[in-house]
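Written out below as structure tokens is the structure these notes cover.
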Amino acid sequence: MQNQRTIADLNLNETAIIAANQQGNIPLKLVQMGCTSQTKIKLRMVAPSGDPLCIQFGGNDVALRLEDAKKIAIESV
Amino acid sequence: MKKLVLIGNPNTGKTSLFNALTGLNQSTGNYPGITVDKKKGYFSIAKETFELIDLPGTYSLEPHSLDEEVVLQEILNIKEPVDAIIYISDATNLRRNLFLFSQIRDLEIPCVLLINRIDKLEKAGIEIEGSKIEAYYKCPVVFTSVTKKEGLNSLNKVLTELPNKCNYSSDFELKNKGFEELGHLKSIKNNYWAWLVAHQKSTHKLFHKEEQIEIKQILQSVNYNSEELLKEEAVDRFSKIDILLETTVKQTTTDNTISRKIDKLLTHKYYGYLIFFGVLFFIFQAIYSWASIPMEWIDSFFGELSVWTHTSLPDNRINKLVSEALIPGIGGVVIFVPQIALLFGFISLLEQSGYMSRVVFITDRFMRRFGLNGKSIVPLISGVACAIPAIMAARNIDNAKERLITILVVPFMTCAARLPVYTILIALMIPSNTAYGFNLQGLILMFMYLLGFVSSIVASVVLHKIIKENSEANFIIELPSYQIPQLKNLLHTLISKTKSFVFDAGKIIVAVSIILWVLASFGPGKAFNNAEIIVENTQVFDESNTYDDALAAHKLEHSYLGYLGKGIEPIIQPLGYDWKIGIGIIASFAAREVFVGTMASIYSVGSKQESGKTILEKLRQAKNHTTGKPTYTFAVTLSLLIFYAFAMQCVSTIAIVKRETNSWKWPIIQTVVMTGIAYIGAFLTYTIFS
């Protein structure tokens with residue numbers, strides 16, 4: 001797919017699901033916190049300079065850098 | 001005695017539990033090889049004594065930082081095996097917390113699952129069926145709220161009933177047939193141990209020599225992608241946890257609205273930074289104004305103690321050693337305690353409340369521009385107190401390159417040890433007066449702090465370009481919900497950190513004071529040993545040049561220290577310094593604050609009537625022996641300030657950088673480069689202003 005949206009494209013407070021087969025693109029630490037393909041996420045906060053981003057999944061608020069967020073494809077709910 | 005370890009995710013109340021169980025009966029040591037603090041404590045229940053080791057918080061058994069590496073090192077300890085594990089989890093986020101627990105459980109070491117923070121459950125709309133979880137994992141489950149002191153009795157009961165052997169067997173499946181070979185080794189207990197060994201090279205050194213060789217051989221014949229397999233493991237574990245939670249946990253709401261509201265303010269485009277600078281401003285104001293009162297007490301206490309010992313002990317060399325070297329040396333360490341304790345206190349408050357991770361969040365982008373990391377902000381800020389704990393605080397930076405740069409630039413920050421030097425030099429340079437309503441001395445001091453910060457940032461940019469080390473570690477941090485800090489935890493960190501400063505840095509400072517005193521009190525040849533006769537025969541005495549003063553000055557000039565100072569005089573003359581300042585600079589390479597004490601000794605060793613005169617007055621009157629003009633001119637003082645801002649003058653910092661980078665290369669480069677910058681900077685300053 002050409003125009004696949006990523007976490008970086010989410011609007012504030014928008015909810016989405018991490019697309020299938022994204023395991024390779026999600027950092028190991030994030031996977032071990034419970035964020036994998038099919039996990040429902042929400043863009044919670046954006047740092048003042050637009051980077052890093054803070055996503056929410058389950059009861060976690062986790063910050064990741066824009067460059068990592070751009071690699072993780074999402075699907076709308 | 002049973003050996004227990006305490007494991008859990010960060011921000012689950014682990015520290016509170018450790019403090020609640022062990023009280024003040026704890027100690028901090030070091031892990032061999034790596035310098036992560038090892039927190040140990042003892043407690044007993046019904047005559048049975050337990051040793052409890054507090055491990056750094058981690059999300060998985062795969063270490064992402066140096067701090068986390070310790071966890072594996074401790075629980076796979078073959079020489080002193082762990083008897084049982086206390087696993088603490090956060091009731092409001094069981095899914096993530098059970099991931100690490102499921103790994104721990106597969107180790108087949110008896111363990112207890114603590115579900116903590118149950119006081120938050122009602123508000124979060126969560127209901128947990130503990131008995132079903134207990135039945136599923138076959139491990140005792142205890143509900144607690146450590147801060148509310150709930151459930152601790154049940155925990156004690158469970159601990160006394162702990163089995164010696166694990167009463168279930170793990171069903172962990174190796175995803176690669178090649179790893180099965182590892183299971184034949186005696187020290188590898190089961191599949192999961194084999195899995196950890198296969199994926200974590202750092203565990204190999206824990207095994208016996210022969211086994212290490214075998215492990216290496218087995219793994220060489222297997223072809224695998226560690227990261228892929230570990231992700232598969234995580235997905236498997238979470239799918240099992242999800243099935244378990246479906247039947248055991250009922251959750252109605254998920255949002256912590258209070259935290260959200262606070263976040264909106266604290267990470268706001270403008271207010272976020274404004275509040276951050278406000279907090280910093282408050283901390284520094286507090287450190288300098290609150291600490292100054294106890295510091296004065298300490299100062300006068302040690303001053304009087306030294307006079308008292310001098311007059312009440314018989315007048316001999318031991319008397320002088322104690323009253324002129326030992327007591328002022330110890331005093332010089334203790335005087336920093338109020339400032340350092342306050343700083344550690346504030347940092348602990350910021351960390352406990354959850355604010356620190358917000359600071360990391362809003363500063364990461366800015367810091368990254370300079371090759372640093374949002375997490376570098378903690379070491380940099382701590383560097384204002386002391387580079388030693390600050391460099392140690394860099395351990396939780398996952399990215400190796402960003403961590404190295406942080407370690408290398410922290411010593412540029414204006415540490416507390418520079419403060420007494422700056423204070424006295426600034427007072428020498430300009431009289432205390434106000435201009436346009438500002439205190440001029442305070443303004444210069446602020447400039448020096450800014451200079452320290454700017455230099456560390458510039459140094460980072462340069463290092464970022466030079467260092468070619470590649471490291472792929474991602475920046476992933478949790479933003480935990482806000483907590484009200486616990487006073488007990490605050491006091492515990494404050495005491496243990498201050499203690500380690502006093503004893504680690506203190507040893508060196510006291511040793512140096514004694515060496516300096518010896519060097520200043522003894523000298524080679526006739527010029528020193530016949531000082532009395534020489535002075536009497538060659539000088540005329542009057543009120544401005546008493547016999548005692550002249551003798552003291554003559555002795556110092558011809559002592560070992562005097563010759564040392566004169567030896568480096570040609571090198572420091574271009575900076576405007578004489579041999580007396582040279583002595584101060586030599587002494588400062590042990591620790592910067594030694595400068596003030598050394599100057600005091602140089603201008604007063606041996607003279608007894610001078611107690612009324614302050615060091616400042618003495619320095620003002622000092623004359624350069626070649627020019628005959630006052631030594632401390634504006635240009636010299638400013639050049640000294642610049643020298644002290646940049647020079648790497650601290651043995652303890654050099655030692656800690658060596659330990660943290662595990663090489664002599666970086667501390668040597670750091671020392672040479674920083675001191676080089678100091679020399680050039682001081683030379684330029686002196687040339688321009690004189």
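Along each principal axis of its Cα atoms, how long is chain A end to end? Whole angstroms, biggest number first, please.
Rounded to whole Å, the extents work out to 31, 28, 22 Å.
Of B:Y686, B:Y560, which has the most accessible area with a 1.4 Å probe, and how do the rest follow in descending order?
B:Y560, B:Y686
For the range B:520-581, what's the radius of gyration and Dmax over Cα atoms, in angstrom?
Answer for the range B:520-581, Rg first and Dmax second: 12.9, 35 Å.
Go through B:Y136, B:M448, B:G576 and say which Cα lies farthest out towards the positive end of the charge dipole of the protein assembly as shown; charges sit on Cβ, +1 for Lys and Arg, -1 for Asp and Glu.
Of B:Y136, B:M448, B:G576, it is B:M448.
Over the range B:163-273, consider all pairs of different Cα atoms and compute the Kirkwood hydrodynamic radius from their mean reciprocal separation; express it in Å, one decimal.
Result for the range B:163-273, one decimal place: 18.0 Å.
Do any residues of the range B:43-82 lose at least 20 Å² of accessible area when the full set of protein chains is present rather than just their chain alone, and if so which, with a 1.4 Å probe?
Residues shielded by partner chains are B:Y59, B:H64.
I need the P(r) histogram for the range B:58-193: all alpha carbon pairs, bin width 5 Å from 0 out to the longest distance, whole percents.
P(r) for the range B:58-193, in whole percents per bin: 2, 9, 17, 21, 20, 15, 9, 4, 2, 1, 0.
Compute the angle between helix B:66-75 and the longest alpha-carbon principal axis of chain B, please, reported from 0 to 90 degrees and rounded to the nearest 10.
Once rounded, the angle reads 50 degrees.
Considering just Cα atoms, how many Å³ per residue does the convex hull of the range B:448-533 enclose?
Output value, Cα hull per residue: 289 Å³.
Cα convex hull of chain B: mean projected area in nm², to one decimal?
Across all orientations, chain B yields a mean hull projection of 36.4 nm².
Along the Cα-to-C-beta direction of B:K3, a point sits 7 Å from the Cα; which residues of the range B:43-72 have their amide N less than 17 Å from that point?
What the label zone holds, given the 17 Å backbone N cut-off, is B:43, B:49-56, B:70-72.
Which whole-number value in Å² is the accessible area per residue of chain B, probe 1.4 Å? Show your work: numbers first, answer last.
Values: 32110 Å² over 690 residues.
Per residue, chain B has 47 Å² of solvent-accessible surface.
Given a 1.4 Å probe and heavy atoms of the protein chains only, how would you sort B:W195, B:W290, largest accessible area at the top?
Sorted by accessible area, descending: B:W290, B:W195.
Can you tell me what share of the DSSP beta bridges in chain B is antiparallel? A percent to the nearest 5 is fine.
50 percent
For peptide B:360-367, what's the mean number of Cβ atoms from other chains within 10 Å of each residue's Cβ?
Values: counts 3, 9, 6, 3, 6, 8, 3, 0.
If you average over the peptide's residues, the count of other-chain Cβ atoms is 5.
If the cut-off is 16 Å between C-alpha atoms, which lysines fall inside it for B:K186, apart from same-chain ones fewer than 8 positions away?
Qualifying lysines at Cα under 16 Å: B:K79, B:K205, B:K209, B:K216.
On a 1.4 Å probe surface of the protein chains, which of B:I258, B:I327 comes out largest in accessible area, and what is the full order?
Sorted descending by solvent-accessible area, the residues read B:I258, B:I327.
Per-residue mean of other chain beta-carbon atoms within 10 angstrom of the beta-carbon, peptide B:227-234? Provide the component values of the computation, followed by the final result.
Details: counts 5, 3, 0, 3, 9, 2, 2, 11.
Partner-chain Cβ atoms within 10 Å, mean over residues of B:227-234: 4.
Can you tell me which aspartates and glutamates have their Cα less than 16 Å from the Cα of B:K2? Leave out same-chain residues fewer than eight positions away.
Reachable aspartates and glutamates: B:E48, B:E51, B:D54, B:E74, B:E80, B:D83, B:E161.
With angles folded into 0 to 90 degrees, how steeply does helix B:355-368 sit against the dominant principal axis of chain B? Use alpha carbons for both and round to 10.
For helix B:355-368, the angle is close to 70 degrees.
Need one number: buried accessible surface between chains B and A, 1.4 Å probe, both sides summed, DNA, RNA and ligands left out, in Å² to 100.
Counting protein atoms only, the buried area is about 3200 Å².
List the extent of the Cα atoms of the range B:219-276 along each of their three principal axes, largest first, rounded to whole Å.
Sorted largest first, the three principal extents are 57, 37, 12 Å.
How would you classify the range B:249-312 from its alpha-carbon gyration tensor, with a ≥ b ≥ c the square roots of the eigenvalues: rounded for a/c under 1.5, else prolate if a/b is greater than b/c, otherwise oblate?
oblate
Might you work out the accessible area of B:I287 for me, using a 1.4 Å probe with all protein chains in place, and round it to the nearest 10 Å²?
Rounded to the nearest 10, that gives 10 Å².
Could you work out what % of the accessible surface of the protein assembly as shown is carbon and sulfur, using a 1.4 angstrom probe and leaving DNA, RNA and ligands out of the count?
Answer for the protein assembly as shown: carbon and sulfur cover 59 percent of the accessible area.
Assuming 0.36 nm per residue, please report the length gained on full extension of the stretch B:H268 to B:S663 beyond their Cα-Cα distance.
138.0 nm
Enumerate the whole-percent occupancy of each 5 Å bin, from 0 to the last occupied one, for all C-alpha pair distances of the range B:315-410.
P(r) over the range B:315-410, rounded to whole percents: 3, 13, 18, 18, 13, 9, 7, 6, 5, 4, 3, 1, 0.
Can you return the lysines within cross-link range of B:K555? Criterion is Cα-Cα under 27 Å, with same-chain partners fewer than 8 residues away left out.
B:K320, B:K526, B:K566, B:K580, B:K608, B:K613, B:K618, B:K623, B:K629
Given the convex hull over the Cα atoms of the protein assembly as shown, what projected area results after averaging over all orientations, in nm²?
Quarter of the Cα hull surface area: 39.1 nm².
With angles folded into 0 to 90 degrees, how steeply does helix B:400-409 sit against the dominant principal axis of chain B? Use alpha carbons for both and round to 10.
For helix B:400-409, the angle is close to 20 degrees.
With every protein chain present, what is the per residue accessible area of the range A:7-76 (1.4 Å probe, Å²)?
On the way: 2330 Å² over 70 residues.
I get 33 Å² per residue for the range A:7-76.
List, in the order given, every pair from B:K38/B:K499; B:K401/B:K465; A:K42/B:K261; A:K70/B:K264; A:K29/B:K3 whose Cα-Cα distance in the structure shown is over 22 Å.
A:K70/B:K264; A:K29/B:K3
Do any residues of the range B:472-487 show a loss of at least 50 square angstrom of accessible area between the isolated chain and the full protein assembly, using a 1.4 Å probe, and if so which?
Relative to the lone chain, where solvent access is computed with a 1.4 Å probe, the range B:472-487 loses at least 50 Å² at B:N474, B:F475, B:I476, B:L479.
The values are calculated or read from the model by the stated rules, or taken from the named source; none is laboratory data. Remember, predicted model here, so these are calculated numbers, not experimental data. Glycine gets a Cβ as well: all are built from the backbone with ideal geometry, and neighbour counts include every protein chain shown. Surface areas here come from the heavy atoms of the whole protein model, side chains and all, with no ligands, DNA or RNA. Shrake-Rupley method; radii C 1.70, N 1.55, O 1.52, S 1.80 Å.
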